[in-house]
Amino acid sequence: MKNNCDQLLDYFNGTLSDEEKKLFEAHLESCSDCREELQELEDLTSDLPYLSTPEEPPSGMKERVLQNIFESESEGESESETVAHHDDSKITEMNRFRTKRSPKWIAPALAAALFLSLAGNAYTYISNEGATTETEEVSSLLKAVQLAPSEGTTSKGAAALVSDNGKTNLVVQADDLEGVQDDQVYQVWLLEGEKPYRAGSFVPGENGKGAVSYEINYEGDHDWTAVAITLEPNAESKTPKGKVVMSSGL
Amino acid sequence: MRELNDAALYERVQAKDKEALELLYDRYEKLLYSFSYRIVKDKGLSEEVIQEVFIKLWKGRAKYTEEKGKFSSWILTMTRHTAIDILRKQSREPDFELDERDALHSDEASVEDQVEWKERGIVLRAAVSKLKEEQKRIIEMFYFKGMTHKKISQEIDLPLGTVKGRIRLALKHLKSNLAEKGGVSDEK
């Protein structure tokens, strides 16, 4: 087995696995050399953060961060409770999705490219008139999110993962979309980590509204981390080519 | 006094006091954001770091106790770990060296705490500038990029067993350079 003392640097940097970390902490109890060295490293590096040049945080960051935290909180502690509320299955207002959103908010691990094009905008709230009726027969809502528009766009939308007879559908609805040209379509993507999966496409009507319900049928277990909509040159894109119009962590 | 306040605010946050969280947020936003940015080199990712740090605080996933030392040191460490983690997930290597570029930006600090930060920064950068290139590099790789022991040994082509000693030496040089400046250090 690897000599524990050799893991000090990685422990200090927080790069050990949870298990290794536990083992190392047990080792620390009995190894005074490591304890001293760790203390020394902490002392020697305590000033280094102040080497950072002051940077201006992006505008609206505080509101976004706090809103995400408090939102996740108010939606209940128990995850299982938010799934399959049969009483609430008749959801006709997209607004109500907000209150049913999964409490397990995690900072979205969007693909770097997608992330970069994300807006520094606050969440938008969709109006009632934007509601669809497609969800009326939904038997259980797994998760629903507002889609935040990217910078420079005013589009807004909402997405919901719904389960029906063992099938999972992604329902997306959006408003104020710019019209498309030629073969362009709005393509919906589900992201698992950095990997995008196609999840339906649509073309908005003249009123700038569009919606799609997509049956997720990818083999194996997936832990979707984000949903994004891009504007693609046609409905054939296997990976996102166009810019992100709106997105949200899941 | 200030640290006492931080610890008291932290206690209130554990009791789900939103106002306390906001106060802590305001107090640390700029420092933690700048520190995150120094590590991940990307605005969006830095925001993600801040989001994670404050979620951990709010949800009590990261526990602070006074035995862990100053609250500010603790939250800086948590921020660094979170940033390193996000950096690894992105597997993007920020191309950056520990050097005078740090000093090129104008300092827009406005809050009084940031005056102290600014002064500390000036002293620190002066101390860093006296290090050998290799020592700057090793501090950068270890502290700001959070590279693993193994990776550092490969990067600088030194046996695993030698890496720790080199890091300590570089950090000690930095600390003694600081002491000469009559700055932050308590070491001779």
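Looking only at the range B:46-84, count every residue that is farther than 28 Å from A:Arg35 by Cβ, crowded, with 23+ Cβ neighbours inside 10 Å and more than 7 Å from every other protein chain (Cβ to nearest Cβ) and tell me the total.
Total satisfying the criteria: 2.
Considering only residues of the range A:1-31 that are within 37 Å of the chain's Cα centre (by Cα) and of a type in the set (Ser, Thr, Tyr), which is nearest to the other protein chains (Cβ to nearest Cβ)?
Once the filter is applied, the top-ranked residue is A:Thr15.
What number of residues within the range A:1-44 are farther than 15 Å from B:Lys150 by Cβ and among the aromatic types (Phe, Trp, Tyr)?
Residues in the range A:1-44 being farther than 15 Å from B:Lys150 by Cβ and among the aromatic types (Phe, Trp, Tyr): 1 in total.
Conditions (1) modelled with pLDDT of 95 or more; (2) of a type outside the set (S, T, N, Q), marked per residue:
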| site | (1), (2) |
| --- | --- |
| A:Thr15 | no, no |
| A:Leu41 | yes, yes |
| A:Tyr50 | no, yes |
| A:Asn68 | no, no |
| A:Arg96 | no, yes |
| A:Pro103 | no, yes |
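Based on this model, can you work out whether B:Lys30 counts as facing chain A (nearest Cβ under 10 Å) and in a helix (DSSP H, G or I)?
Against the criterion (facing chain A (nearest Cβ under 10 Å) and in a helix (DSSP H, G or I)), B:Lys30 qualifies.
Just to be sure I understand the filter: pairs with C-beta atoms under 8 Å, separated by 6 or more residues or on different chains, first member in the range A:42-63 and in contact (Cβ under 8 Å) with a residue 12 or more places away in the chain and at the interface with chain B (Cβ under 7 Å from one of its Cβ atoms), second member of a type in the set (A, V, I, L, M) and crowded, with 16+ Cβ neighbours inside 10 Å. Which pairs pass?
A:Met61/B:Ile50
Scan the range B:157-172 residue by residue and report those that are more than 8 Å from chain A (Cβ to nearest Cβ) and either in contact (Cβ under 8 Å) with a residue 24 or more places away in the chain or not in a helix (DSSP H, G or I) (or both).
Within the range B:157-172, B:Asp157, B:Leu158, B:Pro159, B:Arg166, B:Leu169, B:Ala170 qualify.
This table checks each residue for (1) of a type outside the set (Lys, Arg); (2) surrounded by 17 or more Cβ atoms within 10 Å (Cβ to Cβ).
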| residue | (1), (2) |
| --- | --- |
| A:Glu29 | yes, no |
| A:Ser32 | yes, no |
| A:Glu40 | yes, no |
| A:Asp43 | yes, no |
| A:Ser52 | yes, yes |
| A:Arg64 | no, yes |
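The values are calculated or read from the model by the stated rules, or taken from the named source; none is laboratory data. Here the structure is a predicted model, which is why all the values come from computation and not from measurement. Please note: Cβ atoms are built from the backbone with ideal geometry, for glycine as well, and neighbour counts cover all protein chains shown.
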